[in-house]
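Working notes, structure below.
Computed from the coordinates by the stated procedures, all read-outs in this text should not be read as laboratory data. Everything numeric in this text was worked out from a predicted model, so none of it was measured. Positions of Cβ are backbone-derived with ideal geometry, glycine not excepted, and every protein chain shown enters the neighbour counts.
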Amino acid sequence: MKVNQTMIDELRGCVRGEVLDDDYSLGMYSTDASFYQIRPIAVILPKDESDVRKAVGLARKNKIKILPRGGGTSLAGQTVGEALVIDFSKHMNQVLDFNAEERWVKVQPGVVRDELNEQIDWDTRIYEEREQSLRYVCETPVLLEQRLFQIGRHVSQLVSQN
């Protein structure tokens, strides 16, 4: 899909975060830990939720797919595609709230599991330490919902913004 430079310029004008469309950056974002290589249309590193909303709105207006990305640690190509890549790992990587008693956590989509565990008391950790190779796996809210456990019982709710 050939993207109109006007759309890229419009994206740059409406978000505070970085917009990447140079050959080097697009090459870097065309791979993950899988064997797939698919060049994205452009990459945005949003500073906040407002940037995400504006980028998604512009993509919808231009009929361009979006692809959220954490750390690019996918082993099956989920983080590559001919789309507007929204990389949350640089700016949107904070733990926003944690309730040890109810065992839930509210995070931004770029949070990495080990960074989450560093901020949570050992006795109340949500994630158990597993393989060393998974140390820096990025988690999105959907994955957090799937993996939140409370003493062997799946927690079916994830507190999120709106």
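Within 10 Å of each candidate Cβ there may be at most 15 other Cβ atoms; applying that plus a DSSP loop requirement, which chymotrypsin sites (Phe, Trp or Tyr not before Pro) in region 4-107 survive? Working shown, then result.
Details: sites: 24, 29, 35, 36, 88, 98, 104; in loops: 29, 35, 36, 88.
Hits after loop and neighbour filter: 35, 36.
Of all lysines in the structure, the ones whose alpha carbon falls short of 18 Å from that of residue 106, not counting any fewer than 8 places away in one chain, are 47, 90.
I need the calculated FRET efficiency for the pair residue 119 and residue 61, taking r as the beta carbon distance and R₀ as 25 Å, to the nearest 0.05. Kindly include the intermediate steps, with their values, before the conclusion.
Details: r = 38 Å, r/R0 = 1.50.
The calculated FRET efficiency here is 0.10.
Alpha-carbon geometry of region 38-118: the Rg and the Dmax are 14.3, 45 Å, given in that order.
For residue 90 and residue 48 in one chain, what is 0.36 nm times their gap in residues minus the Cα-Cα distance, to one decimal in nm?
The span from residue 90 to residue 48 would gain 14.1 nm if fully extended.
Region 25-109: which GluC sites (Glu not before Pro) are DSSP loop and have at most 11 other beta-carbon atoms within 10 angstrom? Write down the numbers at each step before the final one.
Working: sites: 49, 82, 101, 102; in loops: 82, 101, 102.
Taking region 25-109 and a limit of 11 other Cβ atoms within 10 Å, the loop GluC sites (Glu not before Pro) found are 101, 102.
Once the other residues with Cβ under 14 Å from the Cβ of residue 16 are scored (Lys, Arg +1; Asp, Glu -1), what is the net sum? Summing Lys and Arg as +1 and Asp and Glu as -1 gives +1. With all projection directions averaged, the alpha carbon convex hull of region 1-83 covers 5.1 nm².
DSSP loop (so not H, G, I, E, B), at most 14 other Cβ within 10 Å: list which trypsin sites (Lys or Arg not before Pro) in region 1-105 pass both filters. Walk me through the numbers on the way to the answer.
Numbers: sites: 2, 12, 16, 47, 53, 54, 60, 61, 63, 65, 69, 90, 103; in loops: 2, 16, 47, 63, 65, 90, 103.
Within region 1-105, the qualifying trypsin sites (Lys or Arg not before Pro) (loop, at most 14 other Cβ atoms within 10 Å) are 2, 16, 63, 65, 90.
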